[in-house]
Amino acid sequence: MIKSAVVPVAGQGTRLLPATKSQPKEMLPVARKPIVQYVVEELVANGVEQVLFVTGRNKTSIENHFDHDPELFRALSQANKQDLLQELDFRALQAKFFYTRQRLPKGLGDAILCAENFAGEQPFVVALGDSILGLHACSRAVSRMTEIFEERRASCVIAVEEVPPEETRHYGIVQPENGPEDCFRIVNLIEKPEPGRAPSNLAIAGRYVFSPLIFDMIRRVQPDKRGEIQLTDAIQMLCEEGRRVMAVRLAAEEKRYDIGNFPSYFESFVEFALADPVYGQEFRHVLERLLAKAAVAS
Ligand code: UTP
């Protein structure tokens with residue numbers, strides 16, 4: 001069982017400016033919780049016991065979020081807010097949190113390289129800090145991925161998700177060895193291919209399992225036009241070397257909520273808010289009223 005996970009949260013989040021001018025995109029709320037809290041809850045539910053955040057400047061609120069706050073604790077205790085106290089007690093998750101800094105946001109590959117000492121000789125999970133899997137982070141894909149990693153003696157396992165064929169240019173797309181089943185071997189990856197050039201419509205979906213071999217590959221990757229070290233280039237090298245790189249398909253209910261851009265952030269917020277056990281029903285009425293009003297106006 002793989003117990004360590006790395007959560008990169010050091011990106012600049014330029015697509016979400018101005019919201020991300022001085023706060024991390026990973027701390028933006030989706031309904032009631034910041035995105036990164038869903039990510040941690042998902043990891044813990046999948047057996048992860050220690051999490052390394054790769055952070056950067058302007059990201060201290062992530063550390064503060066998972067830290068104990070004695071004043072808040074006292075105030076909530078005095079007000080007898082047991083539910084909130086319970087919800088905010090991250091010690092109950094039984095996970096240990098570690099933090100390191102990426103000096104400059106030089107790409108996802110570079111961020112993962114910052115985890116080399118943390119991982120040591122052991123395999124580890126990578127979960128992007130801006131992507132939630134499944135409504136309320138219900139996904140158990142990471143557990144399936146770690147099983148496949150061990151059973152198939154893989155060097156890398158990637159979660160993949162079907163995307164509309166006309167949208168492949170927004171994603172890293174995998175090339176299956178044979179027909180794409182629920183779990184299959186990959187022979188290549190292509191970053192943002194035009195629909196005609198895409199080898200499938202299965203996109204990399206923000207969760208990975210790696211053997212420590214990935215660090216050597218990342219070191220060999222040349223920076224791209226923007227000076228960034230891309231993780232997909234390092235995975236491609238694994239494929240080229242004939243290492244076993246596997247993909248695990250996300251089930252329909254494990255849909256990836258990628259919070260990297262505004263349309264998808266808005267959609268994610270509304271979907272989670274509608275599903276909120278306390279406020280969902282009321283929010284639905286508000287939304288219906290707003291939609292009716294907008295329909296009359298247009
Ligand atoms: P993105 O690819 O969305 O990049 O990162 P970004 O820089 O955050 O956002 P834009 O493109 O400027 O809008 C995916 C995940 O990888 C992390 C991000 O924090 C995010 O959780 N990341 C990205 C790093 O940790 N370091 C980097 O250099 C780049």
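The values are calculated or read from the model by the stated rules, or taken from the named source; none is laboratory data. Since this is a predicted model, take the numbers as computed values, not measurements. Ideal geometry is used to build each Cβ from the backbone, glycine not excepted, and the neighbour counts take in all protein chains shown.
Can you give me the number of residues within the stretch 40-63 that are closer than 21 Å to residue 122 by Cα and within 16 Å of the ligand (Cβ to nearest atom)? Even if it seems obvious, please write down each step before you answer.
Of the stretch 40-63, the ones closer than 21 Å to residue 122 by Cα are 40, 42-54.
Going one step further and asking which of them are within 16 Å of the ligand (Cβ to nearest atom), we end up with 40, 42-43, 51-54.
Adding up the residues that qualify gives 7.
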Inset, instruction - Answer yes if at least one residue in the stretch 64-78 is surrounded by 15 or more Cβ atoms within 10 Å (Cβ to Cβ) and within 16 Å of the ligand (Cβ to nearest atom), and no otherwise. - result: yes
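Tally up the residues in the stretch 177-203 that are closer than 14 Å to residue 246 by Cβ and out of contact with any Leu (no Cβ under 7 Å at 6 or more places or on another chain), please.
The initial filter retains those residues of the stretch 177-203 that are closer than 14 Å to residue 246 by Cβ, namely 177-178, 180-189, 202.
Adding the requirement that they be out of contact with any Leu (no Cβ under 7 Å at 6 or more places or on another chain) leaves 177-178, 181-189, 202.
The total comes to 12.
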Inset, instruction - Name every residue in the stretch 79-105 that is within 15 Å of the ligand (Cβ to nearest atom) and surrounded by fewer than 11 Cβ atoms within 10 Å (Cβ to Cβ), in order of residue number. - result: 103
Inset, instruction - Give just the number: which of (1) under 22 Å from residue 38 (Cα atoms); (2) of a type outside the set (Ser, Thr, Tyr); (3) in contact (Cβ under 8 Å) with a residue 12 or more places away in the chain; (4) part of a helix (DSSP H, G or I) does residue 159 not satisfy? - result: (4)
Inset, instruction - Identify the single condition in (1) at pLDDT 95 or above; (2) within 16 Å of the ligand (Cβ to nearest atom); (3) polar (S, T, N, Q) that residue 12 does not satisfy, given that it satisfies every other one. - result: (1)
Inset, instruction - Give the number of residues within the stretch 249-266 that are away from the ligand (no atom under 16 Å from the Cβ) and within 16 Å of residue 31 (Cβ to Cβ). - result: 1
Legend entry - Every pair of residues 6+ apart whose Cβ atoms lie under 7 Å, when the first sits in the stretch 225-250 and is hydroxyl-bearing (Ser, Thr, Tyr) while the second is part of a loop (DSSP other than H, G, I, E, B): none
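What residue, of 296, 270, is out of contact with any Gly (no Cβ under 6 Å at 6 or more places or on another chain) and closer than 30 Å to residue 170 by Cα? Outline the logic, then answer.
Numbers: 296 fails: closer than 30 Å to residue 170 by Cα.
On inspection, the qualifying residue turns out to be 270.
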Inset, instruction - Pairs only if they're at least six apart or on different chains, beta carbon under 7 angstrom, first in the stretch 253-264 and under 18 Å from residue 15 (Cα atoms) and touching a residue at least 40 places away in the same chain (Cβ under 8 Å), second among the aromatic types (Phe, Trp, Tyr) and assigned to a helix (DSSP H, G or I); list them, first residue then second. - result: 259/265
Inset, instruction - Collect the residues in the stretch 106-149 that are within 14 Å of the ligand (Cβ to nearest atom), under 26 Å from residue 184 (Cα atoms) and charged (D, E, K, R), keeping them in residue-number order. - result: 130
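Of all residues in the stretch 116-134, which are outside any strand (DSSP E or B) and touching an Asp or Glu at 6+ places or on another chain (Cβ under 7 Å)?
Of everything in the stretch 116-134, those that are outside any strand (DSSP E or B) and touching an Asp or Glu at 6+ places or on another chain (Cβ under 7 Å) turn out to be 129, 130, 134.
Is it the case that the stretch 170-178 has a residue that's touching a Phe, Trp or Tyr at 6+ places or on another chain (Cβ under 7 Å) and assigned to a loop (DSSP other than H, G, I, E, B)?
So in the stretch 170-178, the residues touching a Phe, Trp or Tyr at 6+ places or on another chain (Cβ under 7 Å) come out as 176-178.
Those left that are additionally assigned to a loop (DSSP other than H, G, I, E, B): 177-178.
Yes, there is a match, as at least one residue in the stretch 170-178 is touching a Phe, Trp or Tyr at 6+ places or on another chain (Cβ under 7 Å) and assigned to a loop (DSSP other than H, G, I, E, B).
Can you find, within the stretch 17-60, the residue that is nearest to residue 119 (Cα to Cα) among those that are among the charged types (D, E, K, R) and surrounded by 15 or more Cβ atoms within 10 Å (Cβ to Cβ)? Before the answer, list the steps.
Going through the stretch 17-60, the residues among the charged types (D, E, K, R) turn out to be 21, 25-26, 32-33, 41-42, 49, 57, 59.
In the following step, the residues that additionally are surrounded by 15 or more Cβ atoms within 10 Å (Cβ to Cβ) were identified as 25-26, 33, 41-42, 49, 59.
Numbers: 25: 25, 26: 23, 33: 28, 41: 20, 42: 20, 49: 13, 59: 22 Å.
Restricting to residues being among the charged types (D, E, K, R) and surrounded by 15 or more Cβ atoms within 10 Å (Cβ to Cβ), the top hit is 49.
Under the condition of being within 15 Å of the ligand (Cβ to nearest atom) and touching a residue at least 60 places away in the same chain (Cβ under 8 Å), which residue from the stretch 191-213 is nearest to residue 174 (Cα to Cα)?
Taking the stretch 191-213 as the starting set, the residues that turn out to be within 15 Å of the ligand (Cβ to nearest atom) are 191-192, 203-208, 210.
Filter again for touching a residue at least 60 places away in the same chain (Cβ under 8 Å), leaving 205-208, 210.
On the way: 205: 11, 206: 13, 207: 14, 208: 13, 210: 16 Å.
This residue is 205.
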Legend entry - Test for residue 31: is it within 11 Å of the ligand (Cβ to nearest atom) and modelled with pLDDT of 95 or more: no
